[in-house]
Amino acid sequence: MRTIKSSFILIVLALTLFVTVSVYAKYIPSSKDTKLPPKEVVFEVIENPADFQLLKETENFKFFFKDERDIIAIYDKRNQYLWKTGIDSPFGIDVQAACDDALPEEKEEVCVPIEDRLNALHTALGNSLITIEYYDTTNQIKFIPSAAASNVRSTLKQVLGDDSHYKLEVRFTKPKINIDVHIYFSDKGISYEIRHDEITGDEASILAGILITPFLGASGGKLVYYNPGMEYEFDGEIYFDKGEYSGDGTYLKDPVTGEVLKDSAGRPIKNEVPVPKNEIPGYVLVPDGSGALIRFNDHDTEISTYKGKVYGKDYSLNTTFYRNQPFYIEYKDPTMPVFGVAHGNKQAAFVAYATEGDENMEIIMTPDEGRNTNYNFAYPRFNYNTVYFQVYNKAGAGYHKTLDNDQKEKFDININYEFLAGDGTNDGLSADYVGMAKAYRNYLIEKNIITVNNEINGDIPIRLDFIMADAKRELIGFDDVVVTNIKDVEKILKDLKEANISNINSGLFGYQKGGITLGEPDEINYKSSIGTKKEFQSVINELKNLGIDVSLVQNFVEINEEQMSLRGTALRHATNWYTRTNVYDAESPINVIYYARAKKTSEWLNNHVSELKDLKPNSITVDGIQNILFSDFTDKLTSKGKTIEIYQKAMEKANAKYKINASNPNQYLWKYIDRYLNSPVYSSQFIVSTDTVPFLQLVLNGTMEMYAPYSNFSFYSESDMLRMIDYNVYPSFMLTEKPAYLLMSTNSANYYSTEYELYKPLIQVIYNEVNGALRHVINSEWINRTVLADGVIVNSYSNEKEIVINYTEEDYVYNGVTVKAKSYSVID
């Protein structure tokens with residue numbers, strides 16, 4: 001066995017201080033860590049559930065249906081686990097009514113336990129296959145499930161000649177909306193399809209959203225039992241305490257004497273505390289940042305629901321046509337339409353991913369917080385309409401309304417649920433977040449959305465971006481603040497090349513007149529103080545010969561009025577006003593950001609590619625297109641789905657000539673991305689989240705180069721370097737030749753520390769540290785990630801190497817190898 005151990009170098013910089021502190025305390029994991037796996041789930045094997053009809057049997061599954069409650073049961077033969085799309089509970093009000101009418105000798109059989117804190121509507125939600133949300137006359141959202149006791153009828157039909165394809169015809173009568181749900185069974189699991197042209201009915205226009213199997217994989221719940229009552233004596237008289245549902249169905253007793261406790265009127269006191277059901281150990285996986293786990297918990301306090309809008313919020317459908325840029329770090333939006341649920345430790349799980357309708361998808365996880373339900377549950381929601389404030393004059397007067405029919409996006413829904421069993425010995429897909437990532441990765445590879453790429457050889461790459469210039473406001477007009485010119489870029493990159501950092505790629509921000517904020521998106525206007533065309537050609541070619549890739553960075557979506565005319569260029573909100581973001585920073589010369597129409601963006605990208613033919617770079621760095629997705633209500637609606645098509649066509653054309661670098665791109669563009677920049681390595685740290693995991697990195701590992709956030713912005717500690725190794729991401733820096741304070745009067749003021757001379761030592765330290773680990777697993781498949789102890793991770797690779805990462809302050813021994821505190825070991 002051979003090990004390679006890391007060693008950290010202590011360096012002191014003007015802005016950065018590393019200090020080794022010898023404090024050996026127990027490592028306490030936070031939501032930024034991945035904690036130990038959940039306990040095993042103990043379950044009863046039920047191969048043929050009672051009152052269910054068998055619909056289909058495959059090699060791996062049996063699929064059943066209960067017509068009374070619109071519930072599908074999926075029996076997994078591989079692990080003998082039974083999943084149900086709902087909680088399969090009777091309506092409490094019906095049970096209580098039947099119990100009241102039952103004869104004394106029938107009570108025991110009829111008066112079965114009922115769910116606590118589940119009224120009729122929420123019981124129906126818990127049982128339903130689909131639930132619709134709709135707007136009432138006051139524009140408030142209400143919902144009705146397919147399993148509701150009234151105002152809906154559903155019928156399951158097999159599609160003629162295909163026992164793998166069924167259709168649930170759901171007919172709501174209040175409101176009058178008809179929906180057909182196509183159900184497909186396979187040896188991977190189950191898929192649902194809802195076609196837009198099969199959503200009909202006189203009131204289909206008020207449909208707000210569709211929820212699919214919201215309680216599949218739910219954990220928790222509490223039951224209330226029937227107490228038959230008892231006779232009791234008070235003041236010499238005999239009374240009877242009425243039978244009713246209360247707690248566990250017993251009376252409170254004195255712990256010493258065992259006698260039933262009584263109140264001041266002599267009545268026996270019933271136990272009012274409901275009985276928890278067997279809460280399943282496990283978690284929900286949501287694509288928040290790199291990935292977050294939300295463990296099943298019975299919370300004592302109110303915890304907010306997690307809501308993730310896939311591909312981000314559509315500002316053109318905000319309540320108002322403008323938004324104010326927040327002063328805090330914004331939440332991370334899901335960049336992929338996927339979530340999952342795991343029960344136990346590598347026992348049973350599923351991963352769900354949308355293949356159509358994803359641009360209108362939300363991922364919602366509701367924790368057990370004792371308000372409406374006592375359950376933890378997660379589900380997808382697909383949005384069909386929204387409320388916005390229609391302004392009709394410059395004074396801001398207006399009214400709230402929903403989208404008109406010609407403003408609504410018309411889309412189909414298609415979502416797959418793939419079930420995972422065991423530790424992955426048979427198929428490589430373990431029933432945990434690692435198996436979920438690999439299953440989704442397999443789908444993306446199968447559909448040619450991502451491709452395994454083994455182009456890196458030798459040392460890992462590093463990303464070194466530069467701010468060259470940005471605009472500041474003068475007494476009259478604007479002037480460019482130049483902090484790096486093209487010769488500075490050449491000097492700095494050659495300097496690092498001589499320091500044995502060989503695999504470098506770079507992006508140039510603000511490379512032309514107007515800098516980052518006012519530069520033209522479709523043509524290059526060279527400025528001598530930044531660099532002439534001839535100088536750019538010479539430097540890019542010279543560095544290319546040294547194996548260094550230099551690209552130009554251009555934002556093709558965010559625009560402003562100083563840069564160009566908005567007429568015919570900027571997209572419009574549903575109100576028909578320009579969609580905009582207000583930037584409240586007194587020092588920023590540009591305070592309002594607008595957004596370009598998709599067709600303009602496409603034209604600019606095509607023109608930009610043409611402009612590069614003389615420079616001949618190896619790659620381009622695209623900004624804006626990759627993660628800003630809005631509807632456009634100029635003239636005729638350009639939907640988010642249509643915008644994606646326009647972006648994909650333009651990116652495909654650009655990718656035919658150049659590699660493409662992009663920061664945190666959405667899944668619909670992954671096919672064209674070669675370098676994934678600013679890969680998130682944390683989640684949004686919602687209170688409900690319990691763990692952070694590299695789900696995104698597991699999905700994309702080996703298909704594109706993935707880079708960490710800039711290390712000169714609070715991502716440079718020992719733990720941060722270990723996280724790069726743990727998450728398989730490469731270092732990156734944002735640099736300037738001159739001090740960053742010169743940018744304070746520009747829109748780039750948030751880049752507060754960039755001067756190369758300050759960071760040269762740190763670049764070398766971080767690169768050598770991360771390279772010392774990851775160079776051994778380049779071009780190897782990342783096949784597993786295991787938590788050995790709190791703060792200790794082992795990653796396994798297809799070349800039979802393992803990397804053990806020790807985040808703790810104490811040494812850890814793994815298979816006879818001592819992994820030093822705050823360090824790592826590469827093990828053969």
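The values are calculated or read from the model by the stated rules, or taken from the named source; none is laboratory data. Treat the numbers as computed from the prediction; the structure is a model and nothing was measured. Please note: Cβ atoms are built from the backbone with ideal geometry, for glycine as well, and neighbour counts cover all protein chains shown. Keep in mind that these areas ignore ligands, DNA and RNA; they rest on the heavy atoms of the full protein, side chains included. Shrake-Rupley method; radii C 1.70, N 1.55, O 1.52, S 1.80 Å.
Counting only strands (runs of 3 or more DSSP E) that sit completely within the stretch 774-828, those holding 1 or more residues that are open to solvent by less than 10 Å² (accessible area, probe 1.4 Å) and free of Cβ contacts under 8 Å to residues at least 24 places away in the same chain correspond to 792-797, 802-806.
Among the residues of the stretch 231-266 satisfying the criterion of being in a strand (DSSP E or B) and more than 27 Å from VAL95 (Cβ to Cβ), which is least open to solvent (accessible area, probe 1.4 Å)? Walk me through how you get there before you give the answer.
Of the stretch 231-266, the ones in a strand (DSSP E or B) are 231-234, 237-241, 244-245, 251, 253, 260, 262.
Retained after the next criterion (residues that are more than 27 Å from VAL95 (Cβ to Cβ)): 233-234, 237-238, 262.
On the way: GLU233: 107, PHE234: 67, GLU237: 102, ILE238: 108, LYS262: 105 Å².
Here the residue is PHE234.
For the stretch 365-399, a tally of residues being surrounded by 18 or more Cβ atoms within 10 Å (Cβ to Cβ) and of a type in the set (A, V, I, L, M) returns 3. State yes or no: is ILE504 closer than 23 Å to TYR767 by Cβ, under 40 Å from the mean Cα position of the chain (by Cα) and open to solvent by less than 10 Å² (accessible area, probe 1.4 Å)? So ILE504 passes the test. For the stretch 313-325, the criterion of being part of a strand (DSSP E or B), at pLDDT 95 or above and within 18 Å of the chain's Cα centre (by Cα) is met by no residue.
Residue-level check: of (1) more than 24 Å from GLU474 (Cβ to Cβ); (2) touching a residue at least 40 places away in the same chain (Cβ under 8 Å); (3) among the hydroxyl-bearing types (Ser, Thr, Tyr); (4) in contact with an Asp or Glu (Cβ under 9 Å, 6 or more places away or on another chain), SER538 misses just (2). Taking the stated definitions as given, is SER689 modelled with pLDDT of 95 or more, assigned to a loop (DSSP other than H, G, I, E, B) and touching a strand residue (DSSP E or B) at 6+ places or on another chain (Cβ under 6 Å)? Criteria not met by SER689. Name every residue in the stretch 661-676 that is crowded, with 21+ Cβ neighbours inside 10 Å and either aromatic (Phe, Trp, Tyr) or over 9 Å from GLN626 (Cβ atoms) (or both), in order of residue number. Residues satisfying the conditions are ASN661, GLN667, TYR668, TRP670, TYR672, ARG675, TYR676. Checked across the stretch 143-160, the condition of being within 29 Å of the chain's Cα centre (by Cα), over 22 Å from PRO49 (Cβ atoms) and either open to solvent by less than 70 Å² (accessible area, probe 1.4 Å) or of a type in the set (Ser, Thr, Tyr) (or both) holds for at least one residue.
What do you reckon, is LEU758 open to solvent by 20 Å² or more (accessible area, probe 1.4 Å), more than 26 Å from THR335 (Cβ to Cβ), among the aliphatic types (A, V, I, L, M) and more than 18 Å from the chain's Cα centre (by Cα)?
Values: open to solvent by 20 Å² or more (accessible area, probe 1.4 Å): yes; more than 26 Å from THR335 (Cβ to Cβ): yes; among the aliphatic types (A, V, I, L, M): yes; more than 18 Å from the chain's Cα centre (by Cα): yes.
Yes, satisfied.
Screening the stretch 747-801 for residues that are under 30 Å from ASP423 (Cα atoms) and polar (S, T, N, Q) and picking the one that is modelled with the lowest pLDDT gives ASN779. Whenever a residue of the stretch 637-661 is touching a residue at least 24 places away in the same chain (Cβ under 8 Å) and within 30 Å of ASP404 (Cβ to Cβ), its partners that are open to solvent by less than 20 Å² (accessible area, probe 1.4 Å) and acidic (Asp, Glu), lying with C-beta atoms within less than 6 angstrom and at least six residues away or across chains, give the pairs THR638/ASP632. Residues that are assigned to a loop (DSSP other than H, G, I, E, B) and surrounded by fewer than 23 Cβ atoms within 10 Å (Cβ to Cβ) within the stretch 719-746 comprise GLU737, LYS738, PRO739, MET744, SER745, listed in sequence order. Among the residues of the stretch 512-531, those identified as surrounded by 17 or more Cβ atoms within 10 Å (Cβ to Cβ) and in a loop (DSSP other than H, G, I, E, B) are GLN512, LYS513, GLY514, GLY519, GLU520, PRO521, ASP522, ILE524, ILE530.
State which residue pairs qualify: first residue within 23 Å of ALA102 (Cβ to Cβ) and without any contact (Cβ under 8 Å) to a residue 24 or more places away in the chain and inside the stretch 215-235, second residue part of a strand (DSSP E or B) and aromatic (Phe, Trp, Tyr) in any location, beta carbons under 6 Å apart, and separation of 6 or more residues or different chains. From the stretch 215-235, the pairs are GLU231/PHE240.
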